[in-house]
1. A:Leu200 versus (1) within 11 Å of another protein chain (Cβ to nearest Cβ); (2) more than 30 Å from C:Ser142 (Cβ to Cβ): which is the lone unmet condition?
2. Would you call B:Ala98 within 14 Å of chain A (Cβ to nearest Cβ), surrounded by 16 or more Cβ atoms within 10 Å (Cβ to Cβ), of a type in the set (Gly, Ala, Ser) and part of a helix (DSSP H, G or I)?
3. Take A:Phe437 and tell me if it is within 14 Å of chain C (Cβ to nearest Cβ) and either of a type in the set (S, T, N, Q) or over 30 Å from A:Asn18 (Cα atoms) (or both).
4. Every residue in the range A:189-201 that is of a type in the set (A, V, I, L, M, F, W, C) and surrounded by fewer than 24 Cβ atoms within 10 Å (Cβ to Cβ), please.
5. What's the number of the condition C:Pro61 fails, among (1) facing chain A (nearest Cβ under 9 Å); (2) under 26 Å from A:Phe362 (Cβ atoms); (3) surrounded by fewer than 18 Cβ atoms within 10 Å (Cβ to Cβ)?
6. Within the range C:90-107, which residues are within 14 Å of chain A (Cβ to nearest Cβ) and either surrounded by 17 or more Cβ atoms within 10 Å (Cβ to Cβ) or in contact with a His (Cβ under 7 Å, 6 or more places away or on another chain) (or both)?
7. A:Tyr255 fails exactly one of the following numbered conditions: (1) assigned to a helix (DSSP H, G or I); (2) farther than 24 Å from B:Leu149 by Cβ. What is the number of that condition?
Amino acid sequence: MSPSPASEALVPQRTYLNAPATGLRSWLLTKDHKRIGVMFLVATTVALFLGGLFALLIRIELLTPGPTIMDAMTYNRMFTLHGVVMIFLFMIPAIPSGFGNFLLPIMLGAKDVAFPRLNLLSFYLYLIGAAIALYGMVHGGADTGWTFYTPYSTTTVTKVTPILLGAFVLGFSSILTGLNFIVTTHTMRAPGITWTRLPLFVWSIYATSVIQILATPVLGMTLMLVAIEHAFGWGIFDPARGGDPVLFQHFFWFYSHPAVYIMVLPAMAVISEVVCASSHKNIFGYKAVAYSSLGIAFVGFFTWGHHLFTSGQSPWDAGIFGVLSMFVGIFTAVKVFNWVATMYKGSISFTTPFAYFVGFLFFLVFGGMTGVALATVSLDIHWQDTYFVVAHFHFIMVGGVMMAFLAALHYWFPKITGRMYPEGWGLVGAVLVVLGFNFTFIPQFLLGNEGMPRRYYSYPERFWPLNVASTAGASVLAAGLVLILVYILISLRWGPVAGQNPWRSRGYEWMSATPPPPENFEETPVFTRGPHEYDDSAEAPPTPTGEPSHVP
Amino acid sequence: MSPDAHPALAHHFESLEKQAHAARLGMWLFLATEVLLFTALFAAYAVYRYLFHQTFADASRHIETWIGLVNTIVLVTSSFTVALGVHRATRGDGKGTALFFGLTVLLALVFLGFKAVEYSHHFQEGQLPGRYYTYGEVTGPGASLFFALYFLITGLHGIHVVIGMTVLTVIGIRSALGAFSAEYNVPVELAGLYWHLVDLIWIFVFPLIYLI
Amino acid sequence: MNELFRRLLFLPEQASDYARRVDHLHYFVITTTMIAAAGVFLTSLVFYVKFKRRSDDDRTPHITPRTIHEVIFVSVPLAFFLLWFAIGFPQFVELSRPPQGAMDVYVQGKKWMWKFAYPGGPSSLDALRVPAGRPVRLLITSRDVIHSFFVPQLRVKQDALPGRYTQTWFNATKPGRYEIFCAEYCGMGHSSMLGELVVMPAAEFDDWIANQRRGLAQAADAAPTPGEGLRPGSSLVAEGRRLAGEQGCMKCHSVDGTRHIGPTWTLLYGRSEKLVTGKTIVADEGYLTKSIMDPGADVVAGYQNVMPTYQGRLSPPEIAAIVEYIKSLSTQAIRSGPSEGPAYESIPRK
């Protein structure tokens, strides 16, 4: 749908952007969840482009079988930084801390999150963590890969300690955000928002938060152990002193596998909102979508062993971890089918968020099913640590999470800024990103089949053609992202005024002014319908199925 | 927000009650993350205990069990005094709270004192982690691991004791100054909760390291 | 059919029956995946075309699922997933249970080379010879960090962990030469940690290993003088490395490029070294030998001469072995150019 041709007069006088003040100081010391969310969005977008720059350099290096533009040591640092920046600085915080912060309280009809000061602290912990990690990158960088496998990480001569410390601090930022969201969801829902009327975005973010607070402390401890071992030689993972390097892998993946869901669940949160708004129709299976988020969060804790199939795991372990991993696939499939079914008999407008939704769907299904394929144990033996795995998780991370991030960026751009992006350019950007993405990563699937291990600086010549194809695709992807950045920046200032609800969405967040005032709603709203209901009956009083609001 | 709202009520909450509920829930979640922080170390301990059963048992016999026992009694007592302090707060007796919290901090200092004595023993004997391990009576591959984990677990716990002391001191002083009342004493309650957690973790550490 | 799929998916050739069976599962899985992804994508497009928004006043019906819908949503993918698992898991179990009577080979990964040793000799660097049609069990470990032994043509991979042995096995049916990769990131030379798997016809292999062992036995009969501790039948490079370890060279010289008490051996051979005297010298065989015999003669700038002489402590063949080993650290193990297929030390040099 095209933005409504609204005049400047439609812009509310008093929004969170100009009240209580507009100075830099009022932003840096703000306790307004919307401003904190926006600051997170800006910071994570910078991280996205930094990580993307590293990715491009990696792809250029792999353009030829031998050395191209850097030496092996630089290359190893490059892919480590790419992983660390993208995962800890972009993927994990971008949607929950950015969009989640902005939207979750509004969707709950609350004035703010439960602990606004903690929320600001969380942002500063993010900055501090990022600064420590950046310090490490500038002063030598680490060459361990973002997985920090021992004993390589404990014996490397590069500066791995600042990066570990940075990730540790970032972990606490993540924990505090998660804690805040859980408490907010439990205690701050406005009258009428029962648990079965919670927007699906909130359900998913809630599930994410559970993982954040339960898994992140273990990662923090593990990274500390590596740092202590690297600095002082305490021998926790050192085989020479009886330590077990594989124990590190168990600890690491106990966090880092659920961390995948910390990244994906918020993406699913966005998609659930976008599909309803684009089809102007209620979600097909509300409960199925909502509870499958919790299901993923729960099962996600018991699948970490599938990263260790080639480490000498017993068939028992491998079998159990394999089967449990498939349940994640089932929960995801339930979501996918429900999203598709939502479009049935809808009234679908082809907007940029919808384009990203379709891209997301394709990538998630393909990426997710190759994930299940990897869990079929015997195939994983061939694919483990090859480009197949690289392509698989990029399908989920970039194909899934980044598509959702871009969908969210376009869908809520009017909510956040009060202005509209150019729809035509938006679609061009979406096409470039989706095509570029396919051209980058489909060759990598094939490279993995062919047997090219990941993290290879040079490679035998038979891998050459596919690497060239992948690099070509990456440049298209990069061009798409730069295009998006350009028109988004232009729209911030010169975009047409969006109006109160340009998508005619029924989402709760669109019931407040656009952009919202500092306290979100002029007075505490009372909700009388579900968040994704588009038929007229939705205007009726609350259905009797809705449980009474209670505070558990 | 009504004009006669309690001064401690934040603008985004409707009532003090709701705010207290949020704060309690937040604290419990925070305690859950604390427990998981230690769980990683306990899991490492369990794995290595399984791998080096005999060495760990031997090593555990070469540390001062009596210090561990005394410290356990000290900490359990401190939990009791904290509980009394929190109880005082519900009566609106800020001075009483301050007194009992002060007692608790003293007991925590006793705990740290004993811990310092114990650590200096380890340093003299060379019972140190990893490459610093020089203790002759327990050798073998797991021995230095036991002490690495010993220092990690008790060290992390010690840090928590110090944090707990700081929190109790601040809250105790604020109590004495009359910042809390019978209606509003959630911070006192949460500080007490935190201290109970510090105590509880020690209840797990003591048998793991000193007894079995 | 097999060949068509294999080429479409860029899979390397199948050097064992196991590889073929794994590939069949692969075809099944990938086909289902592609159909599902395309199906979801096309359904979305069809829905878009059919249910396009006509006006801003479009009304949509309120549709909710019946239980049967959700049951189908769960059970269809679950059935496929479990079917895949039911095929794949037994294959994994098979791979983790080597058959009785398999031939054992010890595999050791080390930055950045593979060492293979047959019980009873010989041993080799970077080239693993096995008989076709007979099961071979690999007992794998690592000297330093984690590596991973990977032969794409066999669809077999197993991590090499320091401090313990892991195992895997294969039965290569097709004679030929296949690549061995290191699949677990292990540092600067990760991508050049290549080896070669030589699958020989069984009879040829029997001859080869018998010859090797005869050579060993003859050497034992010849009763080498003490000090001439070379073990015939293994390569000079392998011997050089063993000797370097035994003689304590590794206490001061690194082989991973790091600076230690003495200069690193990595890329040392052929390098121009600036000496304390200000002269520049190329580290060739002559210089290396001289430095072992008379360490104080040409000291590299920036280092103290703390090295004892090995004159009389090492026999000339032993010194030659160590020099060969140092050369190997420049030539095969670490190359900065593109990899031209597997690099290995041909076995043995006599």
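The values are calculated or read from the model by the stated rules, or taken from the named source; none is laboratory data. Just so you know, these numbers come straight off a predicted model, no measurement behind them. Because the Cβ atoms are built from the backbone with ideal geometry, glycine has one as well, and the counts that use them run over all protein chains shown.
1. Single failed check for A:Leu200: (1).
2. Working: within 14 Å of chain A (Cβ to nearest Cβ): no; surrounded by 16 or more Cβ atoms within 10 Å (Cβ to Cβ): yes; of a type in the set (Gly, Ala, Ser): yes; part of a helix (DSSP H, G or I): yes.
Against the criterion (within 14 Å of chain A (Cβ to nearest Cβ), surrounded by 16 or more Cβ atoms within 10 Å (Cβ to Cβ), of a type in the set (Gly, Ala, Ser) and part of a helix (DSSP H, G or I)), B:Ala98 does not qualify.
3. Values: within 14 Å of chain C (Cβ to nearest Cβ): yes; either of a type in the set (S, T, N, Q) or over 30 Å from A:Asn18 (Cα atoms) (or both): yes.
Yes.
4. First, pick out the residues of the range A:189-201 that are of a type in the set (A, V, I, L, M, F, W, C): A:190, A:193, A:195, A:198, A:200-201.
Correct list: A:Ala190, A:Trp195, A:Leu198.
5. Of (1) facing chain A (nearest Cβ under 9 Å); (2) under 26 Å from A:Phe362 (Cβ atoms); (3) surrounded by fewer than 18 Cβ atoms within 10 Å (Cβ to Cβ), only one is false for C:Pro61: (2).
6. Restricting attention to the range C:90-107, the residues satisfying the condition of being within 14 Å of chain A (Cβ to nearest Cβ) are C:90-98, C:107.
Residues satisfying the conditions are C:Gln91, C:Phe92, C:Leu95, C:Ser96, C:Pro98, C:Val107.
7. Answer for A:Tyr255: the failing condition is (2).
A quick yes/no check of all residues on (1) closer than 13 Å to A:Thr342 by Cα; (2) more than 40 Å from the chain's Cα centre (by Cα):
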{"site": "C:Thr31", "(1), (2)": "no, no"}
{"site": "C:Met34", "(1), (2)": "no, no"}
{"site": "C:Tyr48", "(1), (2)": "yes, yes"}
{"site": "C:Asp58", "(1), (2)": "no, yes"}
